[in-house]
């Protein structure tokens with residue numbers, strides 16, 4: 001076995017171990033762990049779980065599931081990221097949060113502001129956000145929908161430079177991941193291999209993510 005094969009084998013082993021470790025976490029712990037892992041890279045404080053936010057997220061997830069919808073709650077005072085996949089991932093909140101954070105590669109710190117390509121990421125690391133709550137449900141068509149809510153909400157105009165901070169140098173490492181979000185301007189996405197499709201609503205602090213397939217092999221960002 002050469003060094004390349006050894007490195008690939010080691011990476012695959014670590015990735016499996018990583019997934020198994022996350023599978024042992026509760027849904028709540030997955031959400032808190034990965035949001036705070038990514039937030040720490042950007043020099044901002046951790047989020048705490050809110051049962052009230054989670055209850056609201058569950059009510060909305062149930063409504064979306066019952067009506068086969070994928071849209072934001074109207075007139076909500078909190079931030080919201082939505083995630084849709086063809087079936088429930090093994091680690092649902094881990095998968096969703098990784099997909100949201102993957103948008104970091106598109107964010108321009110020299111031109112801070114809201115973008116359809118980075119809205120999930122900026123809400124995840126928004127400095128002024130302090131609480132998180134999340135829930136999920138399965139729609140009638142079999143698709144899995146996950147609702148994550150944030151308080152105070154992020155993605156406010158003219159506040160990006162103060163709330164979306166650059167990555168600390170010592171944390172610029174690659175995180176193993178099996179999901180990837182790619183940007184499109186329309187909601188429909190063709191089924192099959194790969195993760196694609198994202199639509200952002202008209203409210204800057206509420207962002208949608210559609211993931212028609214949840215198994216993607218990817219090494220690095």
statement: Residue count, region 28-59, condition under 14 Å from residue 168 (Cβ atoms) and not in a helix (DSSP H, G or I), comes to 4
query: Residues of region 67-88 being under 19 Å from residue 121 (Cβ atoms), part of a loop (DSSP other than H, G, I, E, B) and in contact with a helix residue (DSSP H, G or I) (Cβ under 8 Å, 6 or more places away or on another chain), which ones?
result: 78
query: With (1) part of a loop (DSSP other than H, G, I, E, B); (2) buried (at least 24 other Cβ atoms within 10 Å of the Cβ) as the list, and residue 93 as the residue in question, which single condition is left unmet?
result: (1)
message: Restricting to region 33-46, name every residue that is more than 18 Å from residue 166 (Cβ to Cβ) and surrounded by fewer than 20 Cβ atoms within 10 Å (Cβ to Cβ).
response: 33, 46
field: Options 121, 144: the member that is buried (at least 19 other Cβ atoms within 10 Å of the Cβ) and farther than 22 Å from residue 26 by Cβ
entry: 121
message: Condition first: surrounded by fewer than 16 Cβ atoms within 10 Å (Cβ to Cβ) and part of a helix (DSSP H, G or I). Now tell me which residues in region 149-168 satisfy that.
response: 161, 162
query: Scanning for something more than 17 Å from residue 56 (Cα to Cα), under 14 Å from the mean Cα position of the chain (by Cα) and assigned to a helix (DSSP H, G or I), does region 126-138 turn up at least one residue?
result: no
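Bear in mind these aren't lab numbers, they're just calculated from the coordinates by the rules spelled out. Only a predicted model underlies this, so the values are computations on that prediction, with no experimental measurement involved. Glycine also receives a Cβ, built like all others from the backbone with ideal geometry; neighbour counts cover every protein chain displayed.
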